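Since the structure comes first, as structure tokens, the remarks are kept for the end.
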Amino acid sequence: MSGAGTIPARPQDPGPDTGPDPRSGEGVPGGARGWLGQNRPLVIAYGLILVLVVAAGILSPGFVSPANLRQQLVLASFLGTIAAGQTIVVLTGGIDLSVAWNLNFAAILLTQLGGSGDGAGRLAYATVAALLAATATGVVNGLGIAYLRIPPLVMTLGMNAVLLGLTLVYTNGSPQGRAPGFARELAIGRLAGIPYALMLWAVLGTVVIVILRRSVFGRRLYAVGNNPRAAYLSGVPVRGVLVIAYAACGLCAGLTGILLTGYSSQSYLGMGDSYVLPSVAAVVIGGTSILGGSGGYTGTIAGAITVVLLQNTLSIVDIGQAGRSIIYGLVILAMLFVYGRGGRVRE
Amino acid sequence: MSVATTTTSTPIGADPPGRGRQGSVRRRPFVVRNARLLLAWVIFVALFIVYYRQLEAFRPREARTIANSGMTLVIAGFGQTIVILTGGIDLSIGPLISLTNSVASRIGDPEAPRRSMSLAATAALGIGALGGFINGVLVAYGRLQPIIVTLATASIYGGIALAIRPDPGGTIPFEYTDLLTGLFWGDQVPRSLVVLAALVVAWSLFRRTRLCTRIYAVGSSEGAAYMSGVDVARTKVWAYTLSGLSAGMAGLFYTAQTATGNALAGNVYTLNAIAAVVLGGASLAGGSGSFIGTIAGAYVIAIIPTVLFFYDVSTFYQQFFQGLILLASVSLGALGVLRVRNRMERL
């Protein structure tokens, strides 16, 4: 990578004496490293965006026009919204694979209940129903994971299948209704040149970052992700934190469902499937450890933009779905090697 | 499999001391030790009876349909079981099935069935093993998280499959299809049962190898295995290589089933293979589980659509019931958590 020049020397590999704590970033004891050393994942993630934009600009000068870059950011905001929830869940050491059909179910509730009319009361009812259903799914996920100790992967996988079935039965295989006007406006509308979707993302991003960094709940999330037993002994209500984390993830999925419905002006089956793995990729590229306990949403924002830029830069060089898929995988692997390595097994 | 469950004393269901005979460590009864595995078989037998009663006659043809329907998943589950036993996970199984299917459909030539298909089979097994080996090296020597590594390689393998077969097509010789999915012994016995029997024999032989003991050891406690002189990294590489190899075999069976090539068709097997393994009673934390349970898990997943079809239930419910059975099964297995007195053990 050409951005490597700006990055300081690799932080010392934790030798066998210092114990295996490979994760960089917050919470590393004796962190006398500078700002760059502490935020290496962030620097890399945002550097990658720069590299991608420059590369895209060389390949196709039209790509870096303000209008197109704004469009890329809007697309990134959809992924960023769903990845916000994913970040929260991954920080606890979990994962949520049910976001695909959770957001799909929410989107379908919005169009089916909202109907084609624009009556404010009915729309409000449909929107609240969609968001509530998505949050409720998250709560169920959280209860299974926290109280029954079902592994997050299995729990959310099972919920995904259940939601897929529910959606098919509910819509009888063909969703009805169109996206309400406000959802369209939210996804594609602009105020003074700034898309509403970006404003929403800015608000959401600020809220998530403040919660993660400044609130008690945020600190507890990191504590649970680092070591649930230690967190429990320190008085953290571990199970409650887990339930809230998955509920928040469900809410983010529901929000994304509304945005995507607005963007494509309708709901359709399978609209969330192509967002699950990219949402995990955005979190990982953003430097959040898949083991939980380290990372944050600032990186995920960069991760979401990177994933979207990567997809679209590769499409302008006309490399085809096959090549895009291969390069996508290689980039994730490369990012893992840059900052995802675990410690050696010693005891 | 009995050894499997004793070597890994589950902290949750373990008997309190004192109840044992004369202070010796009492081995829990067979049924208790294999509760989850037996539950999977009970569910399968129950579903099979439901299906059987609806039939007018259970002819070899029906036997063949049922036997074939779950075979690909059983073979894929063989590898997934091994990887999950190490405490890892392989998300690249589906794309590897797609890849070997695409390759086989390119090589397959109805004019020269024997030569072309033996070449295709060799290529498929080689590609599968190589793909798995790469996963293993990245996980073991790269010290990266399996879930995200195999997510990335899944993208790569899927991309290669698309490059090899951009559009579905290709013709598989009938002789090959019949060889794996037809009937024999005077058209009485489905050939795939031979494959199943071969896998069961392979598993029972594998259970006796040192490698298998090491795999259980690594899954139970990586640190303890390391301290006992197990080469943890090499064991993991073997596990992932075997998983890739079985994905290649699954791809070959899938090719015989569909008699054509499709670069996306195998992808559903990734999550279904995990579901089959978990339904079969294996722990995602590693160290406990058995291929014998996975067989039941795979056939439960495969028989659900058939049962729904015979009872005139909308196929829309298929995913719903698959998800529900998966969640119900893991919840039953998790009920022990509610009895745990020590709150630390719940975390």
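The values are calculated or read from the model by the stated rules, or taken from the named source; none is laboratory data. What you see is a predicted model, and the numbers here were worked out from it, not measured in a lab. Every residue, glycine among them, receives a Cβ derived from its backbone with ideal geometry; neighbour counts consider all protein chains shown. With ligands, DNA and RNA removed, areas are computed over all heavy atoms of the protein, side chains included. Shrake-Rupley method; radii C 1.70, N 1.55, O 1.52, S 1.80 Å.
Remarks
- Region A:226-243, subset more than 10 Å from every other protein chain (Cβ to nearest Cβ) and open to solvent by 70 Å² or more (accessible area, probe 1.4 Å), residue nearest to A:Y297 (Cα to Cα): A:N226
- Listed by first and then second residue, the pairs with beta-carbon distance under 6 Å, at least 6 apart or on different chains, first residue in region B:120-136 and surrounded by fewer than 24 Cβ atoms within 10 Å (Cβ to Cβ), second part of a helix (DSSP H, G or I) and of a type in the set (K, R), form an empty list.
- Residue satisfying condition, being crowded, with 23+ Cβ neighbours inside 10 Å, of a type in the set (V, I, T) and closer than 30 Å to B:I107 by Cβ, within set B:I172, B:I215, B:I164: B:I172
- Among residues that are closer than 23 Å to A:L153 by Cβ and either more than 17 Å from the chain's Cα centre (by Cα) or of a type in the set (A, V, I, L, M) (or both), A:I319 is not included.
- Residue match in region A:113-127 (condition: assigned to a loop (DSSP other than H, G, I, E, B), open to solvent by less than 40 Å² (accessible area, probe 1.4 Å) and of a type in the set (D, E, K, R)): no
- Flag if B:T100 is at pLDDT 85 or above, farther than 22 Å from A:M335 by Cβ and either not basic (K, R) or not in a helix (DSSP H, G or I) (or both): yes
- Residue check for A:L36: under 22 Å from A:V207 (Cβ atoms) and either modelled with pLDDT of 90 or more or not basic (K, R) (or both): no
- Positions within region B:188-199 being part of a helix (DSSP H, G or I) and surrounded by 14 or more Cβ atoms within 10 Å (Cβ to Cβ), in sequence order: B:S192, B:L193, B:V194, B:V195, B:L196, B:L199
- Hits in region B:155-170 (condition: within 7 Å of chain A (Cβ to nearest Cβ) and of a type in the set (A, V, I, L, M)): B:I156, B:I160, B:L162, B:A163
- Among residues of region B:212-235 that are closer than 19 Å to B:Q145 by Cβ, those with a Cβ under 6 angstrom from a residue that is open to solvent by 30 Å² or more (accessible area, probe 1.4 Å) and part of a loop (DSSP other than H, G, I, E, B), sequence gap 6+ or separate chain, pair up as B:G219/B:G87; B:E222/A:V345; B:G223/A:V345; B:G223/A:E347; B:Y226/A:V345; B:V232/A:V345; B:A233/B:Y141.
- Number of the exception - A:T135 against (1) more than 7 Å from every other protein chain (Cβ to nearest Cβ); (2) open to solvent by 40 Å² or more (accessible area, probe 1.4 Å); (3) part of a helix (DSSP H, G or I): (2)
- Of the set (1) over 23 Å from A:L97 (Cβ atoms); (2) of a type outside the set (G, A, S); (3) touching a Ser or Thr at 6+ places or on another chain (Cβ under 7 Å), all apply to A:T298 but (3).
- Test for A:R149: is it over 16 Å from A:G262 (Cα atoms), open to solvent by 10 Å² or more (accessible area, probe 1.4 Å), not in a helix (DSSP H, G or I) and not β-branched (V, I, T): yes
- Checked against (1) more than 14 Å from every other protein chain (Cβ to nearest Cβ); (2) surrounded by fewer than 20 Cβ atoms within 10 Å (Cβ to Cβ); (3) more than 19 Å from B:T72 (Cα to Cα); (4) not basic (K, R), B:W238 passes all but a single condition, namely (2).
- Residue check, A:A223 crowded, with 21+ Cβ neighbours inside 10 Å and part of a helix (DSSP H, G or I): yes
- Residues (over 14 Å from A:G193 (Cβ atoms), among the hydrophobic types (A, V, I, L, M, F, W, C) and touching a Pro at 6+ places or on another chain (Cβ under 9 Å)) located in region A:49-80: A:L79
- When region A:294-333 is limited to residues that are in contact with a Phe, Trp or Tyr (Cβ under 7 Å, 6 or more places away or on another chain) and away from chain B (no Cβ under 13 Å), the one that is surrounded by the fewest Cβ atoms within 10 Å (Cβ to Cβ) turns out to be A:I316.
- Checking A:A183 against (1) part of a helix (DSSP H, G or I); (2) open to solvent by 40 Å² or more (accessible area, probe 1.4 Å); (3) more than 28 Å from B:L91 (Cα to Cα), the condition it does not meet: (2)
- Of the residues contained in region B:308-322, none is found to be at pLDDT below 90, surrounded by fewer than 24 Cβ atoms within 10 Å (Cβ to Cβ), more than 8 Å from chain A (Cβ to nearest Cβ) and within 19 Å of the chain's Cα centre (by Cα).
Rundown of residues vs (1) of a type in the set (S, T, N, Q); (2) away from chain B (no Cβ under 14 Å); (3) under 21 Å from A:L255 (Cβ atoms), yes/no style:
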position	(1), (2), (3)
A:T156	yes, no, yes
A:G193	no, yes, no
A:V207	no, yes, yes
A:Y222	no, yes, no
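- Residues of region B:255-269 that turn out to be crowded, with 24+ Cβ neighbours inside 10 Å and within 11 Å of chain A (Cβ to nearest Cβ), as a count: 1
- Test: residue in region A:158-177 that is in contact with a strand residue (DSSP E or B) (Cβ under 8 Å, 6 or more places away or on another chain), in contact (Cβ under 8 Å) with a residue 60 or more places away in the chain and within 14 Å of chain B (Cβ to nearest Cβ): yes
- The condition (being within 11 Å of chain A (Cβ to nearest Cβ) and on the phi < 0 side of the Ramachandran plot) is satisfied by just one residue among B:I93, B:I148, B:I107: B:I148.
- As a summary of the residue check, A:Y268 satisfies the conditions (1) open to solvent by 10 Å² or more (accessible area, probe 1.4 Å); (2) under 26 Å from A:A183 (Cβ atoms); (3) within 12 Å of chain B (Cβ to nearest Cβ); (4) of a type in the set (S, T, Y) except for the one numbered (3).
- Every residue from region B:323-338 that is at the interface with another protein chain (Cβ under 7 Å from one of its Cβ atoms), surrounded by fewer than 19 Cβ atoms within 10 Å (Cβ to Cβ) and modelled with pLDDT of 80 or more: B:L324, B:S331
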